[in-house]
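See structure below.
The values are calculated or read from the model by the stated rules, or taken from the named source; none is laboratory data. Since we're looking at a predicted model, the values are computed, not measured. Here Cβ is always computed from backbone atoms with ideal geometry, including for glycine, and neighbour counts include all displayed protein chains. These area figures cover heavy atoms from the full protein model, side chains too; ligands, DNA and RNA do not enter into them. Shrake-Rupley method; radii C 1.70, N 1.55, O 1.52, S 1.80 Å.
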Amino acid sequence: MSKTYYNPDDLRKFSKITEWSEELGEKFFDYYGKVFEEGALTAREKSLIALAVSHVVKCPYCIDAYTKDGLQRGINKEEMMEAVHVGAAIESGATLVHGVQMMNKYEKLSM
Amino acid sequence: MIKQSLHKRESILSKAEKQLEYLSNGVFKNGDLPSFKQKISETSQFPMRAKKLEILQLNLGYMCNQLCEHCHVDAGPDRKEIMTRETMLQCLKVIEKTGAHTLDLTGGAPEMNPNFRWFVEEASKAGIKDFIVRSNLTIIRANKKYNDLPMFFKKHNVHVVSSMPHWTKGKTDKQRGDGVFDQSIKALQDLNAIGYGMPESDLRLDLVHNPSGAFLPSDQLSLENEFKKSLLADFNIHFHNLFAITNLPISRFLDYLIVSDNYEDYMYALVDAFNPAAVANVMCTNTLSVSWDGWMYDCDFNQMLELKVNSKAKHIKDFNEETLRDREIVISQHCYGCTAGAGSSCQGSFS
Ligand code: SF4
Ligand code: SF4
């Protein structure tokens, strides 16, 4: 049998984390639920943000969950892929902007 | 895209008892998920019983010009089951005496029944308050002989309810077949042109949305807003309400779930979304569904699973409103589709 760290069925068991630490678990799920309610941002906008972040933190559970959530909300594949690019652009931008630090250091150390 | 109905392919799932067997085995048999009976018993809602009859739904036949992948009727051009004039006469007798306020004609494509127009003319004389025809839209454009259907509907003050999976072409055609989107748009424009669906109009035009895949529909109101905004901006189309309907795991949709390896996840999602408050309002509590051959069922879904009403009289010729009232509803695991989230039925989610 092949061994893997991730098992898709584990997503269904997410709520079980509360069993080992009830107070913290419940606080987390209350907070989580509240965050995704309609607010100044629509639930649809939040779903797209969540999808982008899921890719940036590279969580396969979140990617499964928010792809499905997006489908349920009628979000189409072009919108989903653009969201993923937003995440990727910020992530690569965050890497590249450190290039300035490298340049600064280089200049400082060079005669 | 599929080319034939399950029935024509002689697929094992074209047999109602095989579908029921499937829905009782696996995750339900091994106890991973509770059966629907167990679930509603937790909130003391078993057995479910029929209340006053309000909606009479007649299935005029399984023939359809389309062959949608998710179809719970397993309808298509290759289905020959059609309600005869004799059965229609039996139904008319019931329509004349029933206290139901809504008559709902469905199929397949009910318009393909050769006696459809005669039947609508006769039935409209009974003065039923809400007379619904479920029209798949493309039928109006399918053949010259159907082009005048919008005028015919208007003449008899028919309430048109039509399916539209998405406001974009790609998603619609994937679920319902190539060209369906363009034809549906033209049909909607035809209906709008004679007043159907216009903001102040009494000529009702509602749309039905089913998710195109193994997921549940989201909030009905926000979907309605998206549909309205896009159809108006892109095609200048108006309609009244959108009903968001959960696909029930039966017939072709069940087949799709199994083949695409989504069945278990989908059942988990349905059970997860179980809403005890939705149980009291499921459609079987005020509806009677009659098949093309005159048998009576608690709902259209039970009709497809061949689960006849639990009452002494099972055929429309023996219809008796008193004996049907309070009958115990026949249930199985497919019923989870009616109690997920806000709850849904052929009338859309309850708001
Ligand atoms: S139009 Fe309706 S009845 Fe016809 S195949 Fe599609 S879902 Fe089934
Ligand atoms: S599937 Fe039919 S019998 Fe079951 S809950 Fe829904 S309407 Fe009632």
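State yes or no: is B:Lys229 among the charged types (D, E, K, R) and either closer than 26 Å to B:Leu67 by Cα or assigned to a loop (DSSP other than H, G, I, E, B) (or both)? The answer is no for B:Lys229. Taken over region B:123-142, residues that are touching a residue at least 40 places away in the same chain (Cβ under 8 Å) and among the hydrophobic types (A, V, I, L, M, F, W, C) amount to 4. Residues in region B:132-150: is at least one out of contact with any Asp or Glu (no Cβ under 9 Å at 6 or more places or on another chain) and farther than 23 Å from B:Gln183 by Cβ? Checking region B:132-150: not a single residue is out of contact with any Asp or Glu (no Cβ under 9 Å at 6 or more places or on another chain) and farther than 23 Å from B:Gln183 by Cβ. B:Asn247 passes every criterion in (1) within 14 Å of chain A (Cβ to nearest Cβ); (2) away from ligand 1 (no atom under 16 Å from the Cβ); (3) open to solvent by less than 60 Å² (accessible area, probe 1.4 Å) apart from (2).
Residue count for region B:280-323 satisfying the condition of being hydroxyl-bearing (Ser, Thr, Tyr), within 20 Å of the chain's Cα centre (by Cα) and over 22 Å from B:Ile40 (Cα atoms): 2.
Counting the residues of region B:3-59 that are farther than 21 Å from B:Leu324 by Cβ, open to solvent by less than 40 Å² (accessible area, probe 1.4 Å) and part of a loop (DSSP other than H, G, I, E, B) gives 7. Of the helices (runs of 4 or more DSSP H) that lie entirely inside region A:9-111, those containing 1 or more residues that are without any contact (Cβ under 8 Å) to a residue 24 or more places away in the chain and within 13 Å of chain B (Cβ to nearest Cβ) span A:43-56, A:60-72, A:77-109. The number of residues in region B:329-338 being near ligand 2 (Cβ under 7 Å from one of its atoms) and not in a helix (DSSP H, G or I) comes to 3. Within the set of pairs 6+ apart or on separate chains, which have a first residue in region B:208-227 that is more than 8 Å from chain A (Cβ to nearest Cβ) and touching a residue at least 60 places away in the same chain (Cβ under 8 Å), a second that is buried (at least 19 other Cβ atoms within 10 Å of the Cβ) and assigned to a helix (DSSP H, G or I), and C-beta atoms under 7 Å apart? As it stands, the answer is B:Ser212/B:Lys171; B:Ser212/B:Gln175, since those pairs meet every condition given. Consider region B:142-196 and keep the residues that are of a type in the set (Gly, Ala, Ser) and within 20 Å of B:Ser124 (Cα to Cα). The one that is modelled with the lowest pLDDT is B:Ser162. Across region B:143-188, which residue is farthest from B:Ser201 (Cα to Cα) among those that are under 18 Å from the mean Cα position of the chain (by Cα) and within 14 Å of chain A (Cβ to nearest Cβ)? Applying the filter and picking the extreme gives B:Gln175. Among the residues of region B:255-264, is there at least one that is touching a strand residue (DSSP E or B) at 6+ places or on another chain (Cβ under 7 Å) and either within 28 Å of B:Asn192 (Cβ to Cβ) or assigned to a helix (DSSP H, G or I) (or both)? The answer is no, given that none of the residues of region B:255-264 is touching a strand residue (DSSP E or B) at 6+ places or on another chain (Cβ under 7 Å) and either within 28 Å of B:Asn192 (Cβ to Cβ) or assigned to a helix (DSSP H, G or I) (or both). Would you be able to say whether some residue in region B:180-190 is among the basic types (Lys, Arg) and surrounded by fewer than 23 Cβ atoms within 10 Å (Cβ to Cβ)? Yes, that holds for at least one residue.
Could you list, in sequence order, the residues of region B:94-113 that are in contact with a helix residue (DSSP H, G or I) (Cβ under 9 Å, 6 or more places away or on another chain) and either among the β-branched types (Val, Ile, Thr) or exposed (fewer than 13 other Cβ atoms within 10 Å of the Cβ) (or both)? Matches in region B:94-113: B:Val94, B:Ile95, B:Lys97, B:Thr98, B:Gly99, B:Thr106. Is it true that some residue in region B:259-269 is in contact (Cβ under 8 Å) with a residue 60 or more places away in the chain and touching an Asp or Glu at 6+ places or on another chain (Cβ under 8 Å)? Within region B:259-269, none of the residues are in contact (Cβ under 8 Å) with a residue 60 or more places away in the chain and touching an Asp or Glu at 6+ places or on another chain (Cβ under 8 Å). When region B:60-109 is filtered for residues that are in a strand (DSSP E or B), within 16 Å of ligand 2 (Cβ to nearest atom) and not polar (S, T, N, Q), only B:Asp104 remains. Cβ-Cβ contacts under 8 Å between residues 6 or more apart (or on different chains), taken from a first residue in region B:110-122 that is in a helix (DSSP H, G or I) to a second residue that is open to solvent by 50 Å² or more (accessible area, probe 1.4 Å) and among the small types (Gly, Ala, Ser), are absent. Of all residues in region B:137-187, those satisfying the criterion of being more than 15 Å from ligand 1 (Cβ to nearest atom), part of a helix (DSSP H, G or I) and aliphatic (A, V, I, L, M) are B:Met151, B:Ile185. Every condition in (1) closer than 23 Å to B:Leu232 by Cβ; (2) more than 14 Å from every other protein chain (Cβ to nearest Cβ); (3) crowded, with 23+ Cβ neighbours inside 10 Å holds for B:Met198 except the one numbered (3).
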